[in-house]
Amino acid sequence: MRHFAVVGSGPAGFYTAEALEKAYGGQARIDILDRYPVPYGLIRFGVAPDHQSLKAVSKRYDKVADSAGVDFIGNVAVGRDVSIAELLELYDAVILATGAPHDRKLGIPGENLPGVIGSAEFVGWYNGHPDFADLDPALGGTHAAVIGNGNVALDCARILSKTRHEFEGSDIVGHALDALDGSAIRTVTILGRRGPHQIAMTPKELGELGHLEAAVPVIEAGDFPPVESDEPLEPGLRKSVGLLRGFADLQADKPKRIVFDFFAKPVAIEGNGKAERIVVEKTVLDASGSARGTGETYEVPASLIVSAIGYSTSPIPDVPFEGGKFVNQGGHIADRLYAVGWARRGPSGTIGTNRPDGYEVADQVAAAMPSGSVGNRPGAAGLKALLEQRGIMPTDYDDWRKIEETETGRARPGSPREKFVRVEEWLRTVGR
Ligand code: NAP
């Protein structure tokens, strides 16, 4: 029997557990650890609450969790409650699937002013992440800005622009819905340091902006290169650029506006004790396609600024870390230690990208210690004994299910789910 610890219960963790379960049949026990009492990481705390079809992938992960060889062990933070060296003593292999939960910094003056938040914080707040329940984003002004031209920037701009009615059928948390419903924001400016051909937004997500009840996208037609230059673009990007061109023809006849500001590099955030405006430098593209500042600046008013410029992984003591992710060769970090998903490659790709990633690493594990080979490590029994010595109470599969029953039990018809936003509250629910 082999014992494997998968650290992190988001998509990468579950695909890896699924792959290990298949590779080993009944010859392995796979424990999926998470610092939160319930699983699903990005699916629970990252995917937009109005994108329920994306969240449905968790049904596949449910099946993995239900399988005989897989266990969930929650409320355990690796690197704090148990070290990597200890896990490697207890398990035959440890696979880090910890995702990329931290915001990259802008590195410009004023980014620490009140009113400036990272997308991980904002997205966590409206998704019921326990760390961000008290975020209280500045929704009292009329102007907000979102920095970045990726799908997360789109999520943030859309959530800021939707009406209460448009959140029906979503699972946005009640506290965020109430706050957004009372928001004074009427203009959300999306700042991109490069142009329409360089966006990282995908067509489905971009297309949604054209169908909002109370908000309309606004784009300067002059920001586009000649239409013929769309032809050589990769088909997905060409479709996205086509949608943007269509936005330029829309009438701004709704109360809210989502303004695309291209070739606009934030250089400072200013305000009297809180964010009031972003100073932006106009850019041009250099020969390599990078944004080069022209020296010409202007100001964009914004009392809420969400920086959506990418994420980084949490370092773990004694695990080599560089450039926002673990140092690895094709997923291999060190003897019996691996990384998968965003912790391995950085924050890119769709949820499904993590599947081949997890399977590839599971293949490496299986090649190093073939199914049927015998290990003599204690796995979960040893981990639980160690945690007990330290006074740490892990949650298990039954606890997780009880928490979810209570979440669903609180749902009111036609209104969003009430999720628990604090770990202590979660733990009380399961009688801890
Ligand atoms: P992303 O796709 O990498 O986009 C990051 C954006 O930030 C880019 O436009 C980048 O511009 C810009 N940026 C980076 N540093 C900057 C700086 N210092 N100043 C100004 N702009 C800066 O990252 P993401 O939006 O966080 O998304 C992460 C991954 O999750 C992506 O693969 C995304 O597709 C995926 N995702 C998917 C969905 C969905 O399918 N519905 C939803 C959310 C996220 P440059 O290009 O100039 O560097």
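Brief remarks follow.
- Test: residue in segment 16-38 that is touching an Asp or Glu at 6+ places or on another chain (Cβ under 9 Å) and aromatic (Phe, Trp, Tyr): no
- Close pairs (7 angstrom Cβ cut-off, 6 or more residues apart or separate chains): over 16 Å from LYS105 (Cα atoms) in segment 253-275, among the small types (Gly, Ala, Ser) and outside any loop (DSSP other than H, G, I, E, B) anywhere: LYS254/ALA215; LYS256/SER161; LYS256/ALA215; ARG257/ALA215; ILE258/ALA157; ILE258/SER161; ILE258/ALA215
- The single residue among VAL241, VAL188 that is touching a helix residue (DSSP H, G or I) at 6+ places or on another chain (Cβ under 8 Å) and part of a helix (DSSP H, G or I) turns out to be VAL241.
- Applying the condition of being open to solvent by less than 50 Å² (accessible area, probe 1.4 Å) and closer than 12 Å to PHE260 by Cα to segment 209-244 and asking which residue is nearest to the chain's Cα centre (by Cα) yields LEU209.
- Qualifying residues in segment 254-288 (those that are under 24 Å from PRO217 (Cα atoms), hydrophobic (A, V, I, L, M, F, W, C) and not in a strand (DSSP E or B)) - the one farthest from the ligand (Cβ to nearest atom): ALA275
- Matching entry among ASP318, ASP249 (being modelled with pLDDT under 95 and open to solvent by 40 Å² or more (accessible area, probe 1.4 Å)): ASP249
- Number of the condition not met by LEU386 [criteria: (1) more than 20 Å from PHE326 (Cβ to Cβ); (2) within 16 Å of the ligand (Cβ to nearest atom)]: (2)
- From the options THR202, THR187, THR142, residue that is of a type outside the set (A, V, I, L, M, F, W, C), touching a residue at least 12 places away in the same chain (Cβ under 8 Å) and buried (at least 19 other Cβ atoms within 10 Å of the Cβ): THR187
- Test: residue in segment 254-261 that is in contact with a Pro (Cβ under 7 Å, 6 or more places away or on another chain) and over 19 Å from LEU160 (Cβ atoms): no
- Matching residues in segment 193-208 - criterion: being more than 21 Å from the chain's Cα centre (by Cα), outside any loop (DSSP other than H, G, I, E, B) and more than 9 Å from the ligand (Cβ to nearest atom): PRO196, HIS197
- Taken over segment 174-192, residues that are touching an Asp or Glu at 6+ places or on another chain (Cβ under 7 Å) and either closer than 19 Å to GLY124 by Cα or basic (Lys, Arg) (or both) amount to 1.
- The selection criterion, being touching a helix residue (DSSP H, G or I) at 6+ places or on another chain (Cβ under 8 Å), open to solvent by less than 30 Å² (accessible area, probe 1.4 Å) and either touching a residue at least 40 places away in the same chain (Cβ under 8 Å) or assigned to a helix (DSSP H, G or I) (or both), does not hold for ALA23.
- Every residue from segment 370-404 that is part of a loop (DSSP other than H, G, I, E, B) and of a type in the set (Asp, Glu): ASP396
- Candidates LEU177, LEU160 - the one that is away from the ligand (no atom under 16 Å from the Cβ) and either assigned to a helix (DSSP H, G or I) or at positive phi (or both): LEU177
- Where strands (runs of 3 or more DSSP E) fall entirely within segment 290-363, those with at least 3 residues that are touching a residue at least 40 places away in the same chain (Cβ under 8 Å), touching a helix residue (DSSP H, G or I) at 6+ places or on another chain (Cβ under 9 Å) and more than 11 Å from the ligand (Cβ to nearest atom) are at 337-339.
A quick yes/no check of all residues on (1) aromatic (Phe, Trp, Tyr); (2) modelled with pLDDT under 95; (3) more than 29 Å from GLN52 (Cβ to Cβ); (4) out of contact with any Gly (no Cβ under 7 Å at 6 or more places or on another chain):
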position	(1), (2), (3), (4)
PRO356	no, no, no, yes
ASP363	no, no, yes, yes
GLY379	no, no, yes, yes
PRO394	no, yes, yes, no
ARG412	no, yes, no, yes
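The values are calculated or read from the model by the stated rules, or taken from the named source; none is laboratory data. On a predicted model such as this, the values are computed, not experimentally measured, just so you know. Glycine also receives a Cβ, built like all others from the backbone with ideal geometry; neighbour counts cover every protein chain displayed. Remember, those area values only see protein heavy atoms, side chains included, never the ligands or the DNA or RNA. Shrake-Rupley method; radii C 1.70, N 1.55, O 1.52, S 1.80 Å.
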